[in-house]
Structures are given as C-alpha cells and as structure tokens.
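The values are calculated or read from the model by the stated rules, or taken from the named source; none is laboratory data. Predicted model, so just to flag it, every value in this text is computed and none were measured. Here the Cβ is made from the backbone with ideal geometry for all residues, glycine too, and neighbour counts use every protein chain on show. The accessibility values were calculated without ligands, DNA or RNA, using every heavy atom of the protein model including side chains. Shrake-Rupley method; radii C 1.70, N 1.55, O 1.52, S 1.80 Å.
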Amino acid sequence: MIYREMPAVWDPLFRHRFYARWGRESAVISARTRRVEYPDFEQLLSIKAAVGGTEHYFVDGRHLAVDDDTFLILNAGRRYASRIDEVKPVHTFSIFFEPRLAEEVLRTLTLPAGTLLDSPPDEAGSPVEFDEQLREHDRLVTPALASIRQSLDAGMGDDLWLEEQLRLLLGRMLWAERGHREAADLIPSNRPATRRELHRRLRVAGSYIHTYFREPIGLKDMAAAAHLSPFHFLRLFKAVYGVTPSVYLNRKRTSAAQRLIGQSSMTMVDIADYVGFGSRTSLFRHLKAQHGAAPRELRGK
C-alpha cells in the first residue's frame, strides 16, 4: 500500500477499508501536511523520516521529535501516537514492513548458503529488535530511504519494485544496527551487559538533545535523561560520540539555524531564539565556526 495523503482514519468509511489491510502487509506513507494527529496504536516495524519540519512521536511516555537531521525506527508491536503541528507543510515519510520481513532478511544475511538451501525458505528466527532512539542521517540507511521516497513521489515504481526496495532497505538497516551496537565497545567496562546498558542510556540522551534542543538544556538535564551523574555522562558521551554534549547540542542548533536561514524569511534574532542560541551573537559565532560563513552568505542557499 502506498499513501500519498495522510490516512484519514477519522473517516468511518475510510477507516473500515484501511484497517482491513493495515498491519498485514507493507505500507508507505509519503505525504505533506501541516497538522495531523494519530492516537496510540500498535504498529508494525517501521522507519520514520520528515522533511521541512518536525513530526512528534510519543512512545512509552517518551517524546521523540523526528526532523530533517534524524530518522527513527520503531519495532513491531510497539504502541505509539504521533502528531504534526507546523506553520508550513511537513513531508512525512514512513515505511511499515510486513510481519516477519525483517527476520527473513536477517536470516538470509547471517546464515551460511548451505543452511539456507537445507531449511524452509519461510523459516524465521527470533524477532528482530532495533534500538528505538533518534538516529542522525547516515551514509548507509539514509540514501536508500531518500531514493525510495523520491521515486515514489515522482510516480515511479510498482508493487514488485517496492517489495524489492524494502528488502534492500532492511538489509541496510540491519547492517547499521550491527555497527550501532558495536559502538558500545567504546565504553570502558569489563562487562558486556554494562556496556550495552550504558550505551542505551547515552542514546536516550542523544534523542533528548535532538528533541529538546530549542530549550535551555544543560549538562545536568542531559545526564538526568541518561540517569547518570554529570561527570560520568560527560566522559562516556565523549567516548562514544567523539564530541562533548555541548558541542553535539550546538551542532544540532546550528544545523536547524542553517535550514531556517536558507528557507525562511525569519530575522536572525528570531532564528537564534527559535533554535535555542538565545542571541544573534551566539548564532553568528557557531555558524562561522561550523560552516566558515556568515548568515548573509547562507541566506537563500
């Protein structure tokens, strides 16, 4: 199923037809909207992206804001709600994978060829689980995700093409997840379980920064999100992310400011306030440090 408009589940006639198929097969939503809200619902494994604004997801009491810098993977069986509330239309893009498709792809990637020949083709292993935190766009998953979106928006592709692309995308997602989990080895601890738990907490803090970067958050706030002491959090965050939390936060704010400078008519004072820098001077300093350019040079790009 491909939806180029937001599913109107509030319409009784549409809802009946929609839920007769939803959750049983793969589906793609690629649509533009300024405002929409969906209640808490149990969904398939999915990957989320947004262009030109923010889409908010509410998962197990957590708030995760997907925007131009990030994407989000949510596991099969997860219940969550979502909302878009923007001045300009946001291009929301979500792919929902049919049940057990990820397990099929993982099995093909990991088992020896001989084993695959000797076992039933529809045999699947234990459920695949992804880390449900915001991820910065990368060189592995993002290009495949963008290619599918651009092709569908151009009216290209059929059901067979989409089936192929979703399997290829899942392969990239699984390889990325493997690399993501290997990053836990950067954490200094002798116990693998401790490294995994600390890595999970750091990822929670990363999602917190991406979601609340517009607010005046400090080191204690980030550490509290990770349930770590400020010093412990600072030391581990730098080991995993390669930069301190303040650099990571300011990089996020600068990225958001750069988009607004190039795509809006907002004043520099308003942009600085909107992204959390608080002053035009601070905005100018970070833009110069990160991009080597003054705001006027970025306007219109």
*Sort through 41, 14 and tell me the only one that's closer than 24 Å to residue 86 by Cβ, in contact (Cβ under 8 Å) with a residue 12 or more places away in the chain and out of contact with any Asp or Glu (no Cβ under 7 Å at 6 or more places or on another chain).*
41
_Subset of the range 88-111 [closer than 25 Å to residue 251 by Cβ and either of a type in the set (S, T, N, Q) or out of contact with any Leu (no Cβ under 9 Å at 6 or more places or on another chain) (or both)]_ = 88, 90, 91, 92
_Set 12, 39, 89: member being under 19 Å from the mean Cα position of the chain (by Cα) and open to solvent by 10 Å² or more (accessible area, probe 1.4 Å)_ = 89
*of a type outside the set (Lys, Arg) and within 21 Å of residue 72 (Cβ to Cβ): does that describe residue 160?*
no
*asked:* Could you check the range 145-180 and list, in sequence order, the residues that are touching a Lys or Arg at 6+ places or on another chain (Cβ under 9 Å) and closer than 23 Å to residue 256 by Cα?
replied: 145
*Got a number for residues in the range 247-271 being under 19 Å from residue 210 (Cβ atoms) and of a type in the set (Gly, Ala, Ser)?*
3
_Every residue from the range 249-282 that is within 27 Å of the chain's Cα centre (by Cα), aliphatic (A, V, I, L, M) and assigned to a helix (DSSP H, G or I)_ = 249, 256, 257, 260, 261, 271, 272, 275
_Which residue is farthest from residue 273 (Cα to Cα), if the candidates are limited to the range 226-243 and must be surrounded by fewer than 21 Cβ atoms within 10 Å (Cβ to Cβ) and among the small types (Gly, Ala, Ser)?_
239
*asked:* Given the options 251, 299, name the one that is charged (D, E, K, R), crowded, with 16+ Cβ neighbours inside 10 Å and at pLDDT below 95.
replied: 251
*For residue 63, are the conditions met, namely being touching a residue at least 12 places away in the same chain (Cβ under 8 Å), open to solvent by less than 40 Å² (accessible area, probe 1.4 Å) and either touching a Leu at 6+ places or on another chain (Cβ under 7 Å) or closer than 30 Å to residue 257 by Cβ (or both)?*
no
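Condition check ((1) aromatic (Phe, Trp, Tyr); (2) free of Cβ contacts under 8 Å to residues at least 60 places away in the same chain; (3) touching a helix residue (DSSP H, G or I) at 6+ places or on another chain (Cβ under 8 Å); (4) closer than 25 Å to residue 82 by Cβ) across all residues:
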| site | (1), (2), (3), (4) |
| --- | --- |
| 155 | no, yes, no, no |
| 159 | no, yes, no, no |
| 167 | no, no, yes, no |
| 172 | no, yes, yes, yes |
| 178 | no, yes, no, no |
| 181 | no, yes, yes, no |
| 191 | no, yes, no, no |
| 201 | no, yes, yes, yes |
| 222 | no, yes, yes, yes |
*asked:* Going through 246, 189 one at a time, which residue ends up being out of contact with any Leu (no Cβ under 6 Å at 6 or more places or on another chain), open to solvent by 60 Å² or more (accessible area, probe 1.4 Å) and among the small types (Gly, Ala, Ser)?
replied: 246
*Any idea which residue in the range 272-285 is surrounded by the most Cβ atoms within 10 Å (Cβ to Cβ), counting only those that are within 18 Å of residue 210 (Cβ to Cβ) and either at pLDDT below 85 or aromatic (Phe, Trp, Tyr) (or both)?*
277
*Within the group 272, 239, 225, which residue is within 17 Å of residue 65 (Cα to Cα) and either hydrophobic (A, V, I, L, M, F, W, C) or touching a Phe, Trp or Tyr at 6+ places or on another chain (Cβ under 9 Å) (or both)?*
225
*Picking from 158, 153, 138, which residue would you name as being within 28 Å of residue 30 (Cα to Cα), surrounded by fewer than 17 Cβ atoms within 10 Å (Cβ to Cβ) and within 15 Å of the chain's Cα centre (by Cα)?*
138
_Going by what's in this entry, would residue 46 be described as surrounded by 14 or more Cβ atoms within 10 Å (Cβ to Cβ) and in contact with a His (Cβ under 7 Å, 6 or more places away or on another chain)?_
no
